[in-house]
Amino acid sequence: MKLSDYYSIKRQEYVTFKLIPTKSSRNNTTIGIAHLINSMYRSTNKLIYKENKKLIIETRLKASYYIHISKENISFYFIIPKIFQNQFKSKFSDTWKNVDIKIVDVIPVNINLCSKYQLYYKFDDALSLETDRRNNDLLSANLSTLEILQENEFIGVLYNFIPVSEKESNYFKKKSSETIQRYKNGENLKKSKSLLDYSKITLKFLIDLINALLNCLLNGEQNNQLILYPLGKETSPSTQRKLQKEILKNQTLILAYSDEKSRENQLCQSIYNSFSKINGDNELIYAKIKKDIDINRYIINNVKINSTSTEECSNFISLPGAELIDQYKNITHKETKENPVPKELTTGVINLGSIVYKDNKDNAYLSTDESLQSLPLAILGGSRSGKTTFAGNMCNDIIKNNECLIDIDFIKNCEASEEIKNITPKDRLIELDLSNSDCIPSLNYNEEKIMQNMNTDEISKISRRKTNYLLQLINIINEDDKQLSSKMRKYLGSAARIGFCFNDITIKDILRILTNYKYRYKIINDLSKDLQFKLEDSINNLLELDEWSKTTKDNPVSEIIGTKENKIEGIMDRIDLLRENYVIDAMLNKDSKNDIDFVEAINNNKVILIRMRDKDFEDTISIDILTTFFLQKIWMATKIRGSQIELPNRCTVLIDEVFQTPTAQKLLTQHFVQSAKFNLKFVLTLHYLEQLSKEAQLALKNSNSSYMLLSGVDKKAFIALQEEFEIHGYSLEDLLNLKRYRSLNLIKSRDGYEAFITQLPLPIK
């Protein structure tokens, strides 16, 4: 019989993770990793058990962290037990939300070909290193040694973490309390150079092992008491907290390699000096290791052991963030966090661009789910960010899918709408180029029509809706930001409610009712008796405008000779301002016979280009007026279509830089939430959300809008959506570090919101 027939030693398997940070990496919670390491502790009696009448002895568990520094690259590795790899992977992802974790064979160094030094406490272990500084101070100091490195040289830092039992940790704290009192009494707590902690721990383990063997063989119980080494003016907060924190054993190695062996000691000295950053009540001193070591061992031979708090360990466990990555370009890092495209968004109509996730490339699309496809989309980007190019691609997708598209373009010379025109089939194109007199429509709400079979209530409802639109439009026109006065609303509203009872009545005709008494009475007299009765108040209001002649001896009968202009001067002042723009003046004077019907155009999936060239509009008020007017007509058409068809065909309305049109923005705010149920989709381009009013921003969010943040966008764009992006692991740094023509997207799907980065589609050729 062989001895191996009775027992075997089961050695722990380890896996090496390479941690690849992004600029959004944060080290605020690395203490959690130290806690996880400590949780791996298993008492000796649990390491020994019988299996098929055979005695199994498992080796203990530990974890190691290695930092590799060379001119070629700076990289970071964790060596952890294979049985705990899922727990560590999860903890790494929680701690550094955007970290990329890859399994590699080994760390990139043969340690015994290097010069090696160990670092250990100068004073008793009860005294703490400094932990109150930023927790990447030490890493920053470590990396500064890169400055002295030459080609084919590297420096390494290895931390070997050994978990301890709660009993051992408590005993340490108890003894440390006594030691701290000695420190306050001024005693010298300098550690003896002959102290060989690793040998003591090994001896302790052997004693525990023998006891456990006996216990296992005799099926008895044991209760071993662990006795360890203790902690010396006023102690620092870090030392005071050490008494409250978990304790973890630690071995720290620094190493260096050079083709010139004489330089290795110099390099080790340099990396050692960087540890002065964490000097506190305690500090680390160094000693050269002359013998070979085995870092795979539970306790690395010939290396002293420190009893460190988990808080102290968080000094050691650190990844670089944006500042260090920007400073040291050779740090192996990922530019941005990668998220996969959910299956729902891998097909569709509107292409958001391509995404690479784990070496797989997919296109991402807006959802085509019936309840989601018409939700608003906000495209946020600065100048030269690719907004216009992407919008052109999006329009091309819409046109190819035979959907209706309306582009309201008032930016410069309307280059964007010109590109859309070039990709639109001629039979689908409707061009309202307001610089071209042949394309100018009238100022008329011709979408709502009075039918012969309508009763007075139906006619009145149509008339009142048109009146509300007109009042909203005229309200924009002012020089002092004042609302229409009650008197203005009274007379203009009355004229509109009467005039809009007839088809083909334009805004000019409404004004004529106000100013021309003969035309006023003609329109009133043309009303049916029922409508005259229903609109009696409005008629009486208009009668107040009549100017009567004065009676004389020769002419005792008074008669109407005109209109009291003082009663409507506020309205006409606004109209005069309106007429100052020659395009709007031309629209006022245009008859409505050849106007397009937006209901018909949308139903037939036309591409409607509304173009207001910069040269024709020196003031933003005129653009705001016309944008509002066309949005009114679109919404009017939308409501009509919704009443006729349960689910009308989709219509997309694109408005670039909508923040330039504050009244149009208010109108959109009212419609965002409702538009999707009518299959009306708004697409807005902005620099950042704060360019919109607070009401408009809230309306966008409440309508489940999707957002695209293009590279180069102002950070305000991210801040407005920070909470939503952080849920998916994205930070401001991810946005700031986007490569050109990339977009950080927050897209609505059936399961909520999805966040991912895409490379924007190439320009249309």
Do you know which of the residues in the stretch 623-659 that are under 32 Å from the mean Cα position of the chain (by Cα) and aromatic (Phe, Trp, Tyr) is surrounded by the most Cβ atoms within 10 Å (Cβ to Cβ)?
Trp635
Of all residues in the stretch 381-408 being outside any helix (DSSP H, G or I) and either modelled with pLDDT under 95 or on the phi > 0 side of the Ramachandran plot (or both), the one that is surrounded by the fewest Cβ atoms within 10 Å (Cβ to Cβ):
Ser383
Screening Leu484, Leu514 for residues that are surrounded by 17 or more Cβ atoms within 10 Å (Cβ to Cβ), hydrophobic (A, V, I, L, M, F, W, C) and not in a loop (DSSP other than H, G, I, E, B) leaves only Leu514
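Residues are listed down the side, and each one gets a yes or a no for (1) more than 19 Å from Gln472 (Cβ to Cβ); (2) of a type outside the set (D, E, K, R); (3) surrounded by 12 or more Cβ atoms within 10 Å (Cβ to Cβ):
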{"position": "Tyr519", "(1), (2), (3)": "yes, yes, yes"}
{"position": "Lys529", "(1), (2), (3)": "yes, no, no"}
{"position": "Asp546", "(1), (2), (3)": "yes, no, yes"}
{"position": "Ile575", "(1), (2), (3)": "no, yes, yes"}
Taking Tyr688 as meeting all but one of (1) within 27 Å of Asn98 (Cβ to Cβ); (2) buried (at least 24 other Cβ atoms within 10 Å of the Cβ), write down the number of the exception.
(2)
Looking at the stretch 87-102, which of the residues that are over 15 Å from Ser25 (Cβ atoms) and touching a strand residue (DSSP E or B) at 6+ places or on another chain (Cβ under 8 Å) is surrounded by the fewest Cβ atoms within 10 Å (Cβ to Cβ)?
Lys102
Per the filter on the stretch 708-721, residues surrounded by 24 or more Cβ atoms within 10 Å (Cβ to Cβ) and either among the basic types (Lys, Arg) or within 30 Å of Glu646 (Cβ to Cβ) (or both) are none
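From the list Ile56, Ile37, pick out the single residue that is crowded, with 20+ Cβ neighbours inside 10 Å and either out of contact with any His (no Cβ under 8 Å at 6 or more places or on another chain) or under 20 Å from Ile111 (Cβ atoms) (or both).
Ile37
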Do we have any residue at all in the stretch 51-65 that's part of a helix (DSSP H, G or I) and assigned by TED's automatic domain parsing to the domain that holds Glu166?
no
Tell me, please, whether a residue that is of a type outside the set (Gly, Ala, Ser), within 29 Å of Ala287 (Cβ to Cβ) and within 38 Å of the chain's Cα centre (by Cα) can be found in the stretch 86-106.
yes
Among the residues of the stretch 435-444, is any within 22 Å of Asn679 (Cβ to Cβ) and part of a helix (DSSP H, G or I)?
no
Being among the acidic types (Asp, Glu), buried (at least 17 other Cβ atoms within 10 Å of the Cβ) and in contact with a Lys or Arg (Cβ under 6 Å, 6 or more places away or on another chain), is that true of even one residue in the stretch 748-755?
no
Subset of the stretch 2-38, residues assigned to a helix (DSSP H, G or I) and either at pLDDT 90 or above or polar (S, T, N, Q) (or both), comes to Ser4, Ile31, Gly32, Ile33, Ala34, His35, Leu36, Ile37, Asn38
Count, please, the residues in the stretch 588-622 that happen to be aliphatic (A, V, I, L, M), assigned to a helix (DSSP H, G or I) and surrounded by 23 or more Cβ atoms within 10 Å (Cβ to Cβ).
1
Does Tyr257 satisfy the criteria of being surrounded by fewer than 20 Cβ atoms within 10 Å (Cβ to Cβ) and modelled with pLDDT of 95 or more?
no
Looking at the stretch 682-693, can you tell me whether even one residue there is more than 19 Å from Leu654 (Cβ to Cβ) and over 18 Å from the mean Cα position of the chain (by Cα)?
yes
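The values are calculated or read from the model by the stated rules, or taken from the named source; none is laboratory data. Because the structure is predicted, anything quoted here is derived from the model rather than measured. Don't worry about glycine lacking a Cβ; one is built from the backbone with ideal geometry, like all the others, and counts go over all protein chains shown.
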